[in-house]
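For reference, the structure is listed below as structure tokens.
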Amino acid sequence: MAEDHSPGPSTAPAEAADAVQQSPQLSFEQLSGEHRRLLDRAIAAVLATNVAEVAYAQIVDGKPIEPPRRVLSSVYLQPPPPPVPIPPAHTELCPGMLEKAREFRRQFCPDILTFDSKRLSEYCQCSPGSRRFKMRLVELVALAVHQIAVILFELDTSAHKNDPVYPLPPKSNASYWMVNPNGPPPTPFYHRWYKDHHQYPRGVADMVGFWAENEILGGVVLFDRRDPESEPDADPDAVYYHSWRPNVTSRIYQLLPEQRKALLDFLLAEEPPSACPLPILGDDHNRTRVDPQEPMRETGIYRDLWERKDYVPRSRNEGLSCHRNRLDFPTSEDELQGRSRASRRSRKSDFLFV
């Protein structure tokens, strides 16, 4: 997993409050005809995958499956000194949880889903098969994956409610407290860059939704929201992922044309495909990348403005290390440009370290 650079405390609460404003929600049942059939089928295709079954079963269970080393790295970042005990890893689902997730899928009706009225309207205005239609379909499927996780989490079926909580590391564990100034996240289901639950419409449940996108699809699904008429580099047909997984960059990356095609072919297949492309993951070939530390309003790469607060550096020299991170910066040029951006961010934030 790439080096962590998740956000520090926000300095712009007013901006965050503005970002959470949403359009009214409309139910899936408002759809009809081909638009309803194609979206229904695409969501069903994702739900039928093994990766979705296991991810949703973990939410039903109430605790993610994690090997011991990941628990150690994600919770403590450095080995906690004695006498702080390391909680045992939850390495497999509790009995019956997978069947509960399958029963949910068997009884699932998409009419329980709601979508932002603007997004749903844009989808309905597109001709099936058009490029705009395909992009809006991907977006609504991502929202459905997210929302189903929210629904399952809010059912509060956890089999681990009485489990001992993670003990707080001592103040001497500087790495932990730098990343988690307010203590542990309120749920173990989270993507390290998507923890701003105080500004999320569904609160902590939306953290779980972002986790599910990462587990099932390969990353949180983002788009190029820039206006092509005013921004020549804007690409309204691009799909971006923001992953938090071992051996995948922590930067936001654009799916390659073949990855985007594999995703669309899967979602639009009339019959269940023999091979499932999920999760789709980036590698060194995904060279179009965006620093998540950059403000979303400047990069234009996001899904909703409320999903992340603007990044606040944790130290004056953050990102300026001479050590090369090949996972995030595959080439020397990438690394140099990354340091330049980090230096600019540091200068803009100097007032924080006076």
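Quick note: the coordinates plus some simple rules give every number you see, no bench work behind them. What you see is a predicted model, and the numbers here were worked out from it, not measured in a lab. Note that we place each Cβ from the backbone using ideal geometry, even for glycine, and neighbour counts take in every protein chain shown.
Can you give the alpha-carbon Rg of the range 83-185 over 2.2 N^0.38 Å, where N counts its residues? So the range 83-185 has a normalised radius of gyration of 1.60. Taking only the C-alpha atoms of the range 123-280, Rg followed by Dmax gives 18.4, 59 Å.
A cut-off under 11 angstrom between Cβ atoms defines the neighbours of residue 130, and their net charge, with Lys, Arg +1 and Asp, Glu -1, is +3.
Label-to-label distance, residue 102 versus residue 159, with points set 7 angstrom from Cα along the beta-carbon direction: 1.5 nm. Relative protection proxy for 288-300, 245-257, from highest mean packing down: 245-257, 288-300 (other beta-carbon atoms within 10 angstrom). For the range 141-242, GluC sites (Glu not before Pro) are listed when DSSP marks them as loop and at most 15 other Cβ atoms sit within 10 Å of their Cβ; the list is 229. Computed extension length for residue 36-residue 265: 80.7 nm, one decimal, from 0.36 nm per residue of separation with the Cα-Cα distance subtracted. Legend: residue pairs 171/195; 100/161; 63/171; 309/348; 118/348, Cα-Cα distance threshold 24 Å; pairs beyond threshold, 63/171; 118/348. Projected label points at residue 344 and residue 182, each 7 Å from Cα along the beta carbon direction, are separated by 3.0 nanometres.
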